Ligand code: SF4
């Protein structure tokens, strides 16, 4: 049975995002997401999502 998709970031996801931001790392997912174009992405967070349930790495 497939794992239920997360609808919200967990506290651990948020912690990881915070740590990366503190280190000055790029945390925007949309830049490397295969759905980063109009019509493919239905997330209101685009183009500045730092966490996204639909994220899929481009070219992967
Ligand atoms: S699916 Fe998520 S990560 Fe991908 S472009 Fe849309 S908001 Fe950004």
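Just to be sure before I move on: is residue 58 loosely packed, with under 13 Cβ neighbours inside 10 Å, touching a strand residue (DSSP E or B) at 6+ places or on another chain (Cβ under 8 Å) and at pLDDT below 95 in the structure I sent?
Details: loosely packed, with under 13 Cβ neighbours inside 10 Å: yes; touching a strand residue (DSSP E or B) at 6+ places or on another chain (Cβ under 8 Å): yes; at pLDDT below 95: yes.
Yes: the conditions hold for residue 58.
Name every residue in the stretch 29-60 that is within 8 Å of the ligand (Cβ to nearest atom) and part of a strand (DSSP E or B), in order of residue number. Result: 33, 41. Going through 26, 5 one at a time, which residue ends up being loosely packed, with under 11 Cβ neighbours inside 10 Å, touching a residue at least 40 places away in the same chain (Cβ under 8 Å) and part of a loop (DSSP other than H, G, I, E, B)? Within the list 26, 5, the selection yields 5.
Yes or no: residue 46 on the phi < 0 side of the Ramachandran plot, in contact with a strand residue (DSSP E or B) (Cβ under 9 Å, 6 or more places away or on another chain) and surrounded by 15 or more Cβ atoms within 10 Å (Cβ to Cβ)?
Details: on the phi < 0 side of the Ramachandran plot: yes; in contact with a strand residue (DSSP E or B) (Cβ under 9 Å, 6 or more places away or on another chain): yes; surrounded by 15 or more Cβ atoms within 10 Å (Cβ to Cβ): yes.
Answer is yes for this residue.
The values are calculated or read from the model by the stated rules, or taken from the named source; none is laboratory data. Bear in mind that the values here come from a model prediction, so they are computed numbers and not experimental data. Note: ideal-geometry Cβ built from the backbone for every residue, glycine included; neighbour counts use all protein chains shown.
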